[in-house]
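Participant: First the structure, which I've put down as structure tokens, then a few questions once you've had a look.
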Amino acid sequence: MAPITARKNNSLINRHIFRPSLPVPCRLSGRTVETYIWHRRRFHAIQGPTRQFARDRARKRGSTMRARLRKPVALVGMMGAGKTAVGQALARRLGVPFVDSDSEIVKAANMSIAEIFERDGEPFFRLKERQVLQRLITGEPAILSTGGGAYLGAENRDIISRDGVAVWLKVDIATLWSRVRHKDTRPLLRTADPRATLERIASEREPVYALADLTAEADPSYSVADMAEEVTRILATRTDILERTHA
Ligand SMILES: Nc1ncnc2c1ncn2[C@@H]1O[C@H](COP(=O)(O)OP(=O)(O)OP(=O)(O)O)[C@@H](O)[C@H]1O
Ligand SMILES: O=C(O)C1=C[C@@H](O)[C@@H](O)[C@H](O)C1
Ligand SMILES: [Mg+2]
């Protein structure tokens, strides 16, 4: 019989460790059997805590997943706040549909937002935005990402609060700028000094965004998933919005 090399022994051992139902490799050399036993002991030592950890994590995730959204949630806030990116992650997490008012306008018009602004002007865009919001807030639980300027209109705020709740994604200027600076798709930032424009718009709008029912404040270190988790936590502070169905 050809001698079993150390490398071959290891792969055999691994197969038996991860598939313990396989017959014990009793024909292996003494050293291999010792190593095998050592690995199995180690496997059993780590198997318990690892499985417990996996169960805890699944339970934690499961409890979040089993929370039931009771109303439509409209994410509001500045360009680059993450209404679209976080909204998608949040909808997946809660198992509800995701809709985006900007995308719906683009789809309906078959033009980009910049093109609509250019051809028909901002007031026309705002009119379409209001009509789209009215259509999207159906009363069914969903996550609705609004355009950055949508919440400024009093009529839009009424549309949102009639059936749903508004959550402000509050993000500092430096973070917003780092996210929007590389794209020129936002017509309001096509100015000589887009950063100064962003700052001005943010300071004018903040008092209005602050009228939202809830505020989720982003830490600059948050990923999209972290922010979705933070919004979930904030929503869960209101049982009329997010009902936990699993402790
Ligand atoms: N928490 C985050 N961490 C990392 N990147 C993010 C985060 N939130 C958003 N981003 C990124 O920043 C960019 C802008 O985000 P997004 O398009 O979601 O903003 P928005 O609020 O929908 O803006 P707009 O009002 O212009 O539609 C995207 O590339 C997105 O992936
Ligand atoms: O902040 C805004 O006013 C805007 C934000 C985007 O979502 C788009 O709705 C559009 O570019 C206008
Ligand atoms: Mg968006």
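Participant: Accessible surface of ARG68 in the full protein assembly, 1.4 angstrom probe, to the nearest 10 Å²?
Facilitator: Accessible area of ARG68: about 120 Å².
Participant: Now for a different question. Roughly what % antiparallel, to the nearest 5, for the DSSP beta bridges in region 66-243?
Facilitator: In region 66-243, DSSP labels about 10 percent of beta bridges as antiparallel.
Participant: Something else: Rolling a 1.4 angstrom probe over the protein chains, ignoring ligands and nucleic acids, what is the accessible area of ILE160 in square angstrom, nearest 10?
Facilitator: 0
Participant: Let me ask something additional. On the full set of protein chains, 1.4 Å probe, figure out the accessible area of SER161 and give it in Å² to the nearest 10.
Facilitator: Number for this one is 70 Å².
Participant: Then there is this: Considering the alpha-carbon set of region 126-185 alone, what are its Rg and its Dmax in angstrom?
Facilitator: Cα radius of gyration and Dmax of region 126-185 are 13.4, 36 Å respectively.
Participant: Any chance you could run the full-extension gain for PHE124 through GLU204? It's 0.36 nm times the residue separation minus the Cα-Cα distance, nm to one decimal.
Facilitator: Extra length available between PHE124 and GLU204 comes to 26.6 nm.
Participant: If you bin the C-alpha pair distances of region 106-247 every 5 Å from 0, what whole percents do you get?
Facilitator: Binned Cα distances yield the sequence 2, 8, 16, 18, 21, 18, 11, 4, 2, 1, 0.
The values are calculated or read from the model by the stated rules, or taken from the named source; none is laboratory data. The structure presented is a predicted model; accordingly, all values stated were derived computationally and were not measured. For accessibility, only protein heavy atoms count, side chains too; no ligands or nucleic acids. Shrake-Rupley method; radii C 1.70, N 1.55, O 1.52, S 1.80 Å.
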